[in-house]
1. By DSSP, what percent of the beta bridges with both residues in the chain are antiparallel, rounded to the nearest 5?
2. Sum up the charges of everything whose Cβ sits under 9 Å from the Cβ of Gly16, counting Lys and Arg as +1 and Asp and Glu as -1, but leave Gly16 out.
3. When ranked by the protection proxy of mean other Cβ atoms within 10 Å per residue, highest first, what sequence do the peptides 18-29, 1-12 form?
4. Too long at a 22 Å Cα-Cα cut-off: which of Lys216/Lys244; Lys115/Lys244; Lys17/Lys229; Lys216/Lys277; Lys3/Lys115?
5. Quick check: pseudo-label points 7 Å beyond the Cα along Cα→Cβ at Arg153 and Met1, how many nm apart are they?
6. Would you list the P(r) distribution for region 121-180, with all Cα-Cα distances sorted into 5 Å bins from 0 and each bin expressed as a whole %?
7. Quick check on the chain: helices-only [θ] at 222 nm, where DSSP H runs of length 4 and up contribute -39,500 (n - 2.57) each and the sum goes over total residues. Nearest 500, please.
8. What percent does the relative contact order of region 205-277 come to when contacts are Cα pairs within less than 8 Å and at least six residues apart?
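What follows draws every value from the coordinates through simple rules; no lab data is involved. This is a predicted model, so every value here is computed, not measured. Here Cβ is always computed from backbone atoms with ideal geometry, including for glycine, and neighbour counts include all displayed protein chains.
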Amino acid sequence: MQKKRIIILGGATASGKSSLALAWARENDGEIINADSMQIYRELDMITACPTEADMAETPHHLYRYLRGDDPCSAERWRDLASDVIGDVWSRGKVPIVVGGTGLYLKALAYGLSKVPDIDEAIRSEIRDDVNKNGPEQAHDQLLEIDPEMAARLAPGDSQRIARALEVIRSTGKSLSHWQAQPLVGGLIEQDLDMELNILMRGRAELYARCNERFKQMIEQGDVIGEVKELMTYNYEPTLPVMKSLGVPQIIDYIEGNTSKEEAIELSQTATRQFAKRQMTWFRNQFSDWKQINL
């Protein structure tokens with residue numbers, strides 16, 4: 001019996017993953033599945049460089065613009081959503097092509113996750129409300145008192161991960177680091193599949209230039225500022241991931257009159273380059289055995 005085939009493609013922002021995935025979809029009768037933690041939100045389109053309507057009309061795309069911005073998506077939740085879509089694509093005789101820059105999503109899909117016991121919903125709700133009301137810094141102080149190991153690993157402004165670490169230790173009595181050290185389960189690697197694991201690489205100078213040019217084109221060719229203005233009308237908590245997407249805080253500062261348009265563009269480009277650098281480092285460390293594609 002022929003093995004089920006799946007293609008996974010990771011890479012830094014602005015590296016050209018989407019174009020390559022489209023080419024592979026044409027060649028392999030494939031359908032594309034999003035593995036980007038920002039492109040999953042429906043309020044963000046241009047500023048996250050979501051596939052165009054023409055691209056999506058040519059090739060089926062899944063899990064793009066899928067969730068509301070106030071409905072945060074964890075790696076486990078995304079893995080479960082993606083697994084359902086992959087099964088559906090296989091059932092129609094197509095090849096799933098998973099593409100994105102969120103390394104933790106790709107790792108969860110390919111290798112699985114450490115299983116954390118179910119969290120008490122009352123504790124979860126209390127912690128999330130407290131973080132939204134009083135900010136992540138005070139929550140980080142709480143975490144430092146009861147779980148200094150996890151606190152040392154998290155930035156004081158990382159509201160989602162701080163809240164997660166707090167809810168785990170309060171609900172289970174053990175640090176999230178304890179559960180993360182447990183064996184990974186639920187990955188595709190456990191199945192007998194024809195699985196192709198790829199990372200798209202570019203030289204640093206070229207990647208940085210692509211980051212700069214893409215954001216500049218977003219501003220010049222699309223109504224990115226209008227998109228962020230529309231996002232602001234939802235009055236989402238500033239600690240939500242959707243509000244911290246690349247370029248969003250900088251454009252908000254411009255809209256609110258705190259910076260000039262030119263400064264907002266320059267700061268967004270800098271943030272994008274820094275993020276791309278972190279992605280490339282993560283991929284090299286975590287996926288050293290994946291096939292490297294250098295365009």
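1. Values: 3 of 26 bridges.
In the chain, DSSP labels about 10 percent of beta bridges as antiparallel.
2. Numbers: positive: Lys17, Arg202, Arg210; negative: none.
Local charge sum for Gly16: +3.
3. On the way: 18-29: 16.5, 1-12: 18.9.
In decreasing order of mean packing, 18-29, 1-12 become 1-12, 18-29.
4. Numbers: Lys216/Lys244 19 Å; Lys115/Lys244 28 Å; Lys17/Lys229 28 Å; Lys216/Lys277 19 Å; Lys3/Lys115 27 Å.
Exceeds cut-off: Lys115/Lys244; Lys17/Lys229; Lys3/Lys115.
5. Here the answer is 3.8 nm between the modelled labels.
6. 4, 22, 36, 26, 11, 1
7. Working: 13 runs with 155 residues, N = 295.
Per the formula, -16500 deg cm²/dmol.
8. Values: 49 pairs, mean separation 28.6, N = 73.
With pairs under 8 Å counted, the relative contact order is 39 percent.
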